[in-house]
Amino acid sequence: MKHYALGRLKPGQMNKTEAAYDAHLALLQAADEIQWRRFEGVKLRLADKTFYTPDFAVMAADGVMEMHEVKGYWEDDARAKIKIAADQYPFRFRAVMARAKKNGGGWVEELF
């Protein structure tokens, strides 16, 4: 049996924040603001034996592919990987963090 670090889920399983963001994307899709989305649908090679799997691959309404990363907090290696991927691939890269309900809720977005 494979063991995961505390707080880590096996690939293909969404945590609560990712599930909430997926629901947000579903609303955007229903409103035709995005065309398509898939959780962990793309795996990008950054270097030998180094890969980055964005949380969501999203096709925007304008047809441009975007990679969305959902974070509760940033670890240095995750920030480095998204920056490297943004330099190497012709996609829009977005990172989102949930905004506290006491601050109005929604999502705080960072572009790379």
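Every number here is computed from the coordinates shown, using simple stated rules; none is lab data. If you're wondering where the values come from, they're calculated on a predicted model, not measured in any experiment.
Could you grab the relative contact order for the range 28-111? Cα pairs under 8 Å, six or more apart, rounded to a whole percent.
Here the relative contact order equals 21 percent.
Assuming 0.36 nm per residue, please report the length gained on full extension of the stretch GLU33 to THR53 beyond their Cα-Cα distance.
Extending this stretch completely gives an extra 4.9 nm.
Please give every one of the lysines within straight-line cross-link reach of LYS43, meaning a C-alpha to C-alpha distance under 25 Å, and leave out same-chain neighbours fewer than 8 residues apart.
Counting by Cα, and skipping residues close in sequence, LYS43 has these lysines nearby: LYS2, LYS10, LYS16, LYS71, LYS81, LYS83.
So what are the ³J(HN,Hα) numbers for the range 102-112, from phi and the Karplus equation (6.51, -1.76, 1.60; θ = phi - 60°), rounded to whole Hz, Gly and Pro as x?
Using θ = phi - 60°, the values come out as 5, 9, x, x, x, 10, 9, 10, 10, 9, 10 Hz.
If each DSSP helix of 4+ residues adds -39,500 (n - 2.57) and the sum is divided by the residues in the chain, what number results at 222 nm, nearest 500 deg cm²/dmol?
After summing the helix terms and dividing by residue count, I get -8000 deg cm²/dmol.
Would you please classify the overall shape of the range 44-112 from the alpha carbon gyration tensor, given that a ≥ b ≥ c denote the square roots of the eigenvalues, rounded means a/c under 1.5, and beyond that prolate means a/b larger than b/c while oblate covers the rest?
oblate
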